[in-house]
Amino acid sequence: MTHLSMDSPLGPLTLIEHNGRLVAIDWERAPKDELSPLLIRARAAMQAYFAGKREPFDLPLGLEGSDFQKKAWAAIADIPWGEVRTYGEVAARIGSSARAMGAACRTNPLPIIIPCHRVVGANGALTGYSGGEGLSTKQALLALEGPLEQSDLFQPKKPS
């Protein structure tokens with residue numbers, strides 16, 4: 001596995017590649033970078049994200065997990081920038097439960113790219129986040145994309 005650390009507004013992140021695919025993002029700095037074309041592209045994509053650009057992540061991903069986790073992560077990846085869905089809404093898309101969706105979010109190996117920060121509690125509460133500094137990181141990511149006020153999470157979207 002090769003890895004590349006980068007600074008972000010939320011602290012250091014390490015991008016991890018295996019067999020030509022991005023497999024994980026860790027919320028810490030690795031001791032020594034090992035550059036690859038994919039990791040350089042991934043760093044540029046993350047920098048664009050943190051600069052507020054709404055470009056989709058177009059990177060080869062190597063997700064390791066159960067069939068359920070992969071289904072859950074795919075459903076989470078479909079949540080558009082600046083929008084949120086409840087655990088129950090995302091779970092219903094794949095015929096699962098909100099609790100199981102929460103477990104899939106906790107095991108998401110590619111936070112930000114698979115935007116589990118866009119998944120909230122049934123009443124709009126910003127419940128758990130396994131990355132960075134927890135809920136403050138989730139709030140920061142939503143603010144970057146929104147900015148969303150918690151009271152605005154479930155207001156009807158105006159047609160564009």
Condition met for ALA44 (open to solvent by less than 50 Å² (accessible area, probe 1.4 Å) and either under 12 Å from ILE113 (Cα atoms) or not in a loop (DSSP other than H, G, I, E, B) (or both)): no
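What number of residues in the stretch 1-28 are assigned to a loop (DSSP other than H, G, I, E, B) and loosely packed, with under 15 Cβ neighbours inside 10 Å?
Number of matching residues: 5.
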Residue in the stretch 123-143 that is open to solvent by 60 Å² or more (accessible area, probe 1.4 Å), at pLDDT below 55 and out of contact with any Leu (no Cβ under 7 Å at 6 or more places or on another chain) present: no
Residues located in the stretch 97-117, provided they are open to solvent by 40 Å² or more (accessible area, probe 1.4 Å) and part of a loop (DSSP other than H, G, I, E, B): SER97, THR107
Near pairs, Cβ below 6 angstrom, 6+ apart or cross-chain, from the stretch 118-133 (at positive phi and assigned to a loop (DSSP other than H, G, I, E, B)) to any residue that is modelled with pLDDT of 80 or more and open to solvent by 10 Å² or more (accessible area, probe 1.4 Å): GLY132/LEU10; GLY132/TRP27
Flag if GLN69 is open to solvent by 40 Å² or more (accessible area, probe 1.4 Å), touching a helix residue (DSSP H, G or I) at 6+ places or on another chain (Cβ under 7 Å) and not in a loop (DSSP other than H, G, I, E, B): yes
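Can you tell me which residue within the stretch 1-27, out of those that are out of contact with any strand residue (DSSP E or B) (no Cβ under 7 Å at 6 or more places or on another chain) and of a type in the set (Gly, Ala, Ser), is farthest from SER136 (Cα to Cα)?
Keep residues of the stretch 1-27 that are out of contact with any strand residue (DSSP E or B) (no Cβ under 7 Å at 6 or more places or on another chain), which gives 7-11, 18-20.
Remaining after also requiring of a type in the set (Gly, Ala, Ser): 8, 11, 20.
Working: SER8: 15, GLY11: 12, GLY20: 32 Å.
Only one residue fits best here, namely GLY20.
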Given (1) at pLDDT 95 or above; (2) over 20 Å from GLN139 (Cα atoms), number of the condition ILE76 does not satisfy: (2)
Cβ pairs under 7 Å, 6+ apart, first in the stretch 26-52 and farther than 18 Å from LEU144 by Cβ, second aromatic (Phe, Trp, Tyr): none
Test: residue in the stretch 78-91 that is free of Cβ contacts under 8 Å to residues at least 60 places away in the same chain, farther than 21 Å from SER130 by Cβ and of a type outside the set (S, T, N, Q): yes
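The values are calculated or read from the model by the stated rules, or taken from the named source; none is laboratory data. No experiment lies behind these values; they were computed from the predicted model shown. Heads up, the Cβs are rebuilt from the backbone with ideal geometry, glycines too, and the neighbour counts pull from every protein chain shown. Protein only, heavy atoms only, side chains kept; ligands, DNA and RNA dropped before computing areas. Shrake-Rupley method; radii C 1.70, N 1.55, O 1.52, S 1.80 Å.
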